[in-house]
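Take a look at the structure below.
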Amino acid sequence: MTVTVTTTGPLSPEDAQANAPARDARKDAEGTYDVTVIGAGVVGTAIARELARHPLRTALIDAADDIGSGTSKANTAILHTGFDADPGSLEARLVREGRDLLAAYAAGTGIPVERVGALLVAWDEDQLAALPRLRAKAERNGYHASRILDAGELRSREPHLGPGALGALHVPDESIICPWTTPLAFATQAVRAGVHLHLNCRVRDIACDAGGHTLTTSRGPLRTRYLVNAAGLYADEIDRLLGHDVFTVTPRRGQLIVYDKLARDLVRHILLPVPGPAGKGVLVAPTVFGNVLLGPTAEELDDKTATGSTADGLHELREKGRRILPELLDEEVTAVYAGLRAATGQEDYRIQEYPAQRYVAVGGIRSTGLTASMAIGRHVMDLLAATGLETGEPRALPPLTMPNLGEAFPRPYRNAALIAEDPAYGTLVCHCEQVTLGEIRDALSATVPPHSLDGLRRRTRARGGRCQGFYCGAAVRALFEEARP
Amino acid sequence: MTRNAREADVLIVGGGPAGLAAGAELAAAGAGRVEILEREQEAGGIPRHCHHGGFGGRLTRSLYAWTSATRSPYAREGTDGPAYARRSVAAALDAGATLRTGVTVTGWDGPLTVETTGPAGLERITARAVVLATGARERPRSARMVPGTRPPGVYTTGELQQAVHLYGQRIGSRAVVVGDEPVGHAAAATLRAAGVHVVAMVTDRPSRTVRPRHRHTPLLTGATVTGLTGRTRLSGVSLRHEDGRTTTLRCDTVVLTGDFVPDHELARRGGLLLDPGTRGPAYDAAFRTSRPGVFAAGNLLHAVEHAEFAAQEGRAVAVPVLHRLAGTGEAPGGGPRLVVDAPLRWIAPNVTGPDGARPQGDRFVLRTARRLPRPLLVVSQDGRELHRQRLLSAAVPGRPFHLAADWADRVDPEGASVRISAY
């Protein structure tokens with residue numbers, strides 16, 4: 001198996017898809033990828049994984065030094081049912097399909113998922129009156145398990161809820177998922193199957209000719225016959241490089257506060273706001289890491305790099321959080337982050353094929369992108385085939401098992417057999433998150449290794465806990481620098 | 001899952017100054033098998049990475065943090081942190097305590113039973129008495145809710161000192177230190193030792209209470225950090241001065257110092273009652289927590305006092321632990337709680353009793369949220385005044401001050417909480 005993950009050097013398909021049958025006989029194709037996916041977020045990696053099933057030379061490129069380091073790393077990490085999607089929309093279909101695909105994939109690969117269910121909590125009469133309408137919408141989306149709870153039932157399910165909750169819509173299948181392991185699993189499988197992952201590779205220009213596209217990137221030229229644009233926040237800019245002007249991505253900032261694990265027992269479900277004219281509410285949700293999330297804000301911005309939190313934003317979150325779950329505010333804050341959602345001003349995904357250009361644009365993938373990712377991958381594959389790509393016969397990818405980051409599943413520090421086999425799994429480095437030397441070592445030598453301490457944190461949780469490195473920061477950095485001089 | 005079940009007479013969780021001293025004292029007193037569990041690879045706790053003097057020195061002066069400035073006159077007394085840590089380890093071993101490093105207590109499996117993980121496997125250890133000595137840590141940037149981007153280059157003192165003194169890592173070229181307690185000066189000294197230019201120290205305290213400590217480092221008073229900037233690396237720290245002016249200090253490193261909190265996870269997971277002020281386990285003068293047989297010592301109880309104070313508590317906890325082992329201890333606590341009124345932040349110990357027991361040094365230690373010039377401290381219970389005492393100097397945030405304990409025998413054990421107010 002030849003595995004190619006590069007961060008520097010030329011962008012050539014040598015060795016790509018080593019088992020691609022006799023493609024090298026095609027002289028015109030020398031030095032040219034069959035398909036290139038721009039953007040290695042959860043959507044781009046899912047598309048690349050789908051392409052990896054076919055005998056194609058595929059490149060997956062990203063401007064950052066890691067996969068999943070844009071919107072994919074900073075979201076609310078919910079595996080949606082699609083109960084509240086716009087019925088009949090592409091998004092509704094892909095979320096519904098993607099949910100089942102990802103739930104099955106997660107179970108097979110060890111991506112942590114917890115089916116905690118969601119409660120849309122009504123705090124006033126208007127919101128209470130809106131619940132039957134939301135339930136009817138869920139039915140139209142093919143989701144039949146939702147149920148309206150009265151105040152008493154709600155209170156018994158969530159005893160720590162603030163005063164004044166009048167009722168809720170219960171959506172038992174809404175789940176929480178690990179947002180970091182998911183794109184990493186996609187990318188790992190893709191790379192192991194021969195896809196080239198090129199990082200630090202920012203697209204500056206695109207020239208199209210009869211044979212395909214020449215991408216001018218920060219790492220030099222890249223030739224490809226087909227092109228998929230999964231550039232997230234920058235999808236509109238890539239689209240314009242191909243001569244289209246059909247959508248504009250407006251970054252919508254969401255600031256989130258992550259509370260300490262000792263807050264986890266305060267909440268059992270994902271507590272969602274009831275959408276309405278009173279403005280957007282925030283959610284309180286457990287995470288698979290055992291923390292509690294409060295957020296997000298929703299701020300329309302111009303700056304696609306404005307991933308900073310603000311005093312106003314954090315104040316607003318705390319005020320709203322105080323009403324939902326008063327005791328949460330007494331707990332320590334483990335992390336504060338802000339992510340940018342790729343809003344397009346449209347109510348639906350913007351996935352469009354351009355056969356003449358051998359190009360598929362995947363834009364406007366909003367907060368549901370994580371859930372829909374695998375369905376988007378399949379959909380884009382169909383569009384590429386419709387665009388003229390000879391995809392060849394798909395094959396099954398070798399099975400994959402990801403390191404478990406979830407609290408609800410067995411972790412190495414509690415696994416006697418594993419420790420007996422290798423004492424490194426009994427050597428705790430990050431104490432707050434119980435991350436072992438063995439797990440850190442594995443991540444540093446993995447198929448898609450981290451190139452920063454943040455990347456290592458997203459693969460192991462190391463230094464992601466309440467002390468944020470007070471105890472282990474220097475030790476983790478030493479391990480990282482030793483492995484990646 | 002295979003867990004090796006074992007037993008000990010006394011199990012001490014944490015091998016810092018308090019835990020090591022407790023182990024040494026108990027082993028020397030013949031308490032049986034005394035086992036100290038330390039999750040780091042080396043025992044010694046915070047002093048391991050405090051390369052400044054002052055450890056184990058004179059205690060009568062206010063040398064209170066685990067870090068005092070290198071330039072402090074008190075720092076010439078005692079020894080440096082690593083030497084102090086080595087000495088504490090040697091004392092525990094010499095006394096016959098068992099010290100196991102790299103072993104982490106991951107949770108409870110009974111009132112006096114803990115689960116551990118170490119390279120040798122998983123264990124379930126049941127003891128006749130447990131001493132929690134898990135210490136304290138500085139609150140990181142996130143817990144302080146400092147807005148802005150999340151670039152590398154943001155440290156606490158603990159991480160900085162380890163990076164410099166234990167690992168020799170490169171830090172940066174220009175640093176801002178937030179906080180001007182002794183720990184902040186220790187951070188600045190560590191930065192200078194690492195060849196980093198300290199651009200400024202920043203404190204939200206008003207200027208009249210603060211004296212500059214280092215002639216090359218400007219001290220910005222009355223200033224709060226409003227945000228961090230930078231993407232691949234920290235580029236600046238934004239400040240707002242109390243008069244409304246704002247500025248941004250250009251730097252690639254910021255150290256957030258002080259603001260200690262007890263590392264209380266194990267105490268909380270065990271269902272121990274916490275004191276709302278200290279956020280550590282509620283405890284009485286015999287270091288008894290709300291659970292019979294579980295004691296606590298050191299900075300888990302009060303974040304933070306200096307290392308030798310913690311060690312003294314470690315030695316002092318031996319007496320009630322020995323009573324417990326001998327079955328001669330008094331029935332556990334349940335005496336009235338001690339509660340403070342704002343602006344006082346906490347008092348320790350914070351439970352009264354047992355009969356006749358006086359807190360360490362015959363006095364309680366307190367903290368305030370704001371400066372109080374020569375405060376009058378009044379102790380009362382059920383509207384009855386037990387004690388009043390005028391302090392001769394100011395009570396300052398981040399620094400200890402004390403309340404005499406000679407009123408303790410006037411507390412009605414059946415009465416309500418004892419209130420401490422400052423005027």
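The values are calculated or read from the model by the stated rules, or taken from the named source; none is laboratory data. Nothing here was measured: the structure is a model prediction, and the numbers come from that model. All Cβ positions, even for glycine, are placed from backbone atoms using ideal geometry, and neighbour counts span all protein chains on display.
Specify the residue that is surrounded by the most Cβ atoms within 10 Å (Cβ to Cβ); the eligible residues are those in region A:58-87 that are among the polar types (S, T, N, Q) and in contact with an Asp or Glu (Cβ under 7 Å, 6 or more places away or on another chain).
First, pick out the residues of region A:58-87 that are among the polar types (S, T, N, Q): A:58, A:69, A:71-72, A:75-76, A:81.
If we keep only those that are in contact with an Asp or Glu (Cβ under 7 Å, 6 or more places away or on another chain) too, we end up with A:58, A:81.
Numbers: A:T58: 29, A:T81: 24.
In this case the residue turns out to be A:T58.
Of all residues in region A:321-352, count the ones that are basic (K, R) and buried (at least 18 other Cβ atoms within 10 Å of the Cβ). Let's see the steps before the verdict.
Keep residues of region A:321-352 that are basic (K, R), which gives A:322-323, A:341, A:350.
Keeping just the survivors that are buried (at least 18 other Cβ atoms within 10 Å of the Cβ) gives A:341, A:350.
Final tally of qualifying residues: 2.
Which residue out of B:T257, B:T248, B:T278, B:T224 is within 22 Å of A:V333 (Cα to Cα) and without any contact (Cβ under 8 Å) to a residue 24 or more places away in the chain?
Numbers: B:T257 fails: without any contact (Cβ under 8 Å) to a residue 24 or more places away in the chain; B:T248 fails: within 22 Å of A:V333 (Cα to Cα); B:T278 fails: without any contact (Cβ under 8 Å) to a residue 24 or more places away in the chain.
On inspection, the qualifying residue turns out to be B:T224.
When the residues of region B:165-174 are narrowed to those that are out of contact with any Cys (no Cβ under 6 Å at 6 or more places or on another chain) and in contact (Cβ under 8 Å) with a residue 60 or more places away in the chain, which ends up nearest to the other protein chains (Cβ to nearest Cβ)? Even if it seems obvious, please write down each step before you answer.
Keep residues of region B:165-174 that are out of contact with any Cys (no Cβ under 6 Å at 6 or more places or on another chain), which gives B:165-173.
Next cut, in contact (Cβ under 8 Å) with a residue 60 or more places away in the chain only: B:165-166, B:171-173.
Values: B:H165: 9, B:L166: 6, B:I171: 10, B:G172: 13, B:S173: 18 Å.
Once the filter is applied, the top-ranked residue is B:L166.
If B:G398 meets every condition in (1) over 30 Å from B:E181 (Cβ atoms); (2) part of a loop (DSSP other than H, G, I, E, B) apart from one, which number is that one?
The one condition B:G398 does not meet is (1).
Given (1) within 30 Å of B:D204 (Cβ to Cβ); (2) surrounded by fewer than 19 Cβ atoms within 10 Å (Cβ to Cβ), identify the lone condition not met by B:R388.
So B:R388 meets the others, but not (1).
Can you name every residue in region A:457-477 that is assigned to a helix (DSSP H, G or I), crowded, with 24+ Cβ neighbours inside 10 Å and within 7 Å of chain B (Cβ to nearest Cβ)?
A:G473, A:A474
Considering each residue of region A:442-456, count those that are part of a loop (DSSP other than H, G, I, E, B) and either within 12 Å of chain B (Cβ to nearest Cβ) or not β-branched (V, I, T) (or both), and give that number. It would help to see each step written out before you state the result.
Residues of region A:442-456 that are part of a loop (DSSP other than H, G, I, E, B), as a first pass: A:445-452.
From what is left, the residues that are either within 12 Å of chain B (Cβ to nearest Cβ) or not β-branched (V, I, T) (or both) are A:445-446, A:449-452.
Adding up the residues that qualify gives 6.
Out of everything in region A:306-318 that is more than 7 Å from chain B (Cβ to nearest Cβ) and farther than 18 Å from A:V292 by Cα, what residue ends up being modelled with the highest pLDDT?
From region A:306-318, those more than 7 Å from chain B (Cβ to nearest Cβ) are A:306, A:312-313, A:315-318; that's our starting set.
With the extra rule that they be farther than 18 Å from A:V292 by Cα, the set shrinks to A:306, A:312.
Numbers: A:A306: 90, A:D312: 95.
Per the criteria, the residue is A:D312.
Take region B:340-356 and flag every residue that is farther than 17 Å from B:E414 by Cα and at pLDDT below 95. Quick ask: steps written out before the conclusion?
Within region B:340-356, the first condition is being farther than 17 Å from B:E414 by Cα, and the residues that meet it are B:340-349.
Passing the criteria: only B:A342.
Out of the residues in region A:220-255 that are of a type in the set (K, R) and at pLDDT 95 or above, state the one that is surrounded by the fewest Cβ atoms within 10 Å (Cβ to Cβ).
At the first step, the residues of region A:220-255 found to be of a type in the set (K, R) are A:223, A:225, A:240, A:252-253.
Then keep just the ones that are at pLDDT 95 or above; that gives A:223, A:225, A:240.
On the way: A:R223: 20, A:R225: 19, A:R240: 14.
Selected residue: A:R240.
Is it the case that A:V284 is over 17 Å from A:H160 (Cβ atoms) and not in a loop (DSSP other than H, G, I, E, B)? First the steps, then the outcome.
Working: over 17 Å from A:H160 (Cβ atoms): no; not in a loop (DSSP other than H, G, I, E, B): yes.
Answer is no for this residue.
Name the helices (runs of 4 or more DSSP H) wholly within region A:22-140 that hold at least 3 residues that are within 16 Å of the chain's Cα centre (by Cα) and touching a residue at least 60 places away in the same chain (Cβ under 8 Å)?
Here the list reads A:42-52, A:90-109.
For A:C430, indicate whether it is facing chain B (nearest Cβ under 9 Å) and surrounded by 24 or more Cβ atoms within 10 Å (Cβ to Cβ). Give the derivation first.
Numbers: facing chain B (nearest Cβ under 9 Å): no; surrounded by 24 or more Cβ atoms within 10 Å (Cβ to Cβ): yes.
Against the criterion (facing chain B (nearest Cβ under 9 Å) and surrounded by 24 or more Cβ atoms within 10 Å (Cβ to Cβ)), A:C430 does not qualify.
When region B:107-116 is examined, which residues are found to be over 20 Å from B:L20 (Cα atoms) and within 10 Å of chain A (Cβ to nearest Cβ)?
Residues satisfying the conditions are B:G107, B:E115.
Give just the number: which of (1) part of a loop (DSSP other than H, G, I, E, B); (2) of a type outside the set (D, E, K, R); (3) not assigned by TED's automatic domain parsing to the domain that holds B:G23 does B:T247 not satisfy?
Only one criterion is unmet by B:T247, namely (1).
Take A:D124 and tell me if it is surrounded by fewer than 19 Cβ atoms within 10 Å (Cβ to Cβ), out of contact with any Phe, Trp or Tyr (no Cβ under 7 Å at 6 or more places or on another chain) and either in the same structural domain as A:V282 (by TED's automatic domain parsing) or among the acidic types (D, E) (or both). I'd like the intermediate steps shown before the answer.
Details: surrounded by fewer than 19 Cβ atoms within 10 Å (Cβ to Cβ): yes; out of contact with any Phe, Trp or Tyr (no Cβ under 7 Å at 6 or more places or on another chain): yes; either in the same structural domain as A:V282 (by TED's automatic domain parsing) or among the acidic types (D, E) (or both): yes.
For A:D124, the condition - surrounded by fewer than 19 Cβ atoms within 10 Å (Cβ to Cβ), out of contact with any Phe, Trp or Tyr (no Cβ under 7 Å at 6 or more places or on another chain) and either in the same structural domain as A:V282 (by TED's automatic domain parsing) or among the acidic types (D, E) (or both) - is met.
For A:A416, all conditions in the list (1) of a type in the set (A, V, I, L, M); (2) over 30 Å from B:N4 (Cα atoms); (3) in contact with a helix residue (DSSP H, G or I) (Cβ under 9 Å, 6 or more places away or on another chain) hold save one; what is the number of the exception?
(2)
Return only the number of the condition from (1) surrounded by fewer than 24 Cβ atoms within 10 Å (Cβ to Cβ); (2) in contact with a strand residue (DSSP E or B) (Cβ under 9 Å, 6 or more places away or on another chain); (3) part of a helix (DSSP H, G or I) that A:L262 does not satisfy.
Failing condition for A:L262: (2).
Which numbered condition trips up A:D330, out of (1) within 10 Å of chain B (Cβ to nearest Cβ); (2) within 25 Å of the chain's Cα centre (by Cα); (3) modelled with pLDDT under 95?
Against the list (1) within 10 Å of chain B (Cβ to nearest Cβ); (2) within 25 Å of the chain's Cα centre (by Cα); (3) modelled with pLDDT under 95, A:D330 comes up short only on (2).
Here are A:L222, A:L227, A:L233: which of them is in a helix (DSSP H, G or I) and closer than 30 Å to A:A64 by Cα? It would help to see each step written out before you state the result.
Values: A:L222 fails: in a helix (DSSP H, G or I); A:L227 fails: in a helix (DSSP H, G or I).
Answer to the check: A:L233.
Given the residues A:A145, A:A151, which is the only one that is in contact with an Asp or Glu (Cβ under 7 Å, 6 or more places away or on another chain) and surrounded by fewer than 23 Cβ atoms within 10 Å (Cβ to Cβ)? Quick ask: steps written out before the conclusion?
Details: A:A151 fails: in contact with an Asp or Glu (Cβ under 7 Å, 6 or more places away or on another chain).
Residue meeting the stated conditions: A:A145.
Restricting attention to region A:375-419, which residues are in contact (Cβ under 8 Å) with a residue 40 or more places away in the chain, out of contact with any Ser or Thr (no Cβ under 9 Å at 6 or more places or on another chain) and loosely packed, with under 13 Cβ neighbours inside 10 Å? Steps first, answer last, please.
Step one: of region A:375-419, the residues in contact (Cβ under 8 Å) with a residue 40 or more places away in the chain are A:375-381, A:384, A:387, A:389, A:391-409.
With out of contact with any Ser or Thr (no Cβ under 9 Å at 6 or more places or on another chain) added as a condition, the list becomes A:375-376, A:378-380, A:387, A:389, A:391-398, A:408-409.
Within region A:375-419, A:E393, A:R395, A:A396, A:P398 meet the criteria.
Residues of region B:128-162 being more than 9 Å from chain A (Cβ to nearest Cβ), surrounded by fewer than 24 Cβ atoms within 10 Å (Cβ to Cβ) and of a type outside the set (K, R), which ones? Spell out how you get there, then give the answer.
Residues of region B:128-162 that are more than 9 Å from chain A (Cβ to nearest Cβ), as a first pass: B:128-136, B:151, B:153.
Among the residues that remain, those that are also surrounded by fewer than 24 Cβ atoms within 10 Å (Cβ to Cβ) are: B:128, B:151, B:153.
B:P151, B:G153 - these are the residues of region B:128-162 that are more than 9 Å from chain A (Cβ to nearest Cβ), surrounded by fewer than 24 Cβ atoms within 10 Å (Cβ to Cβ) and of a type outside the set (K, R).
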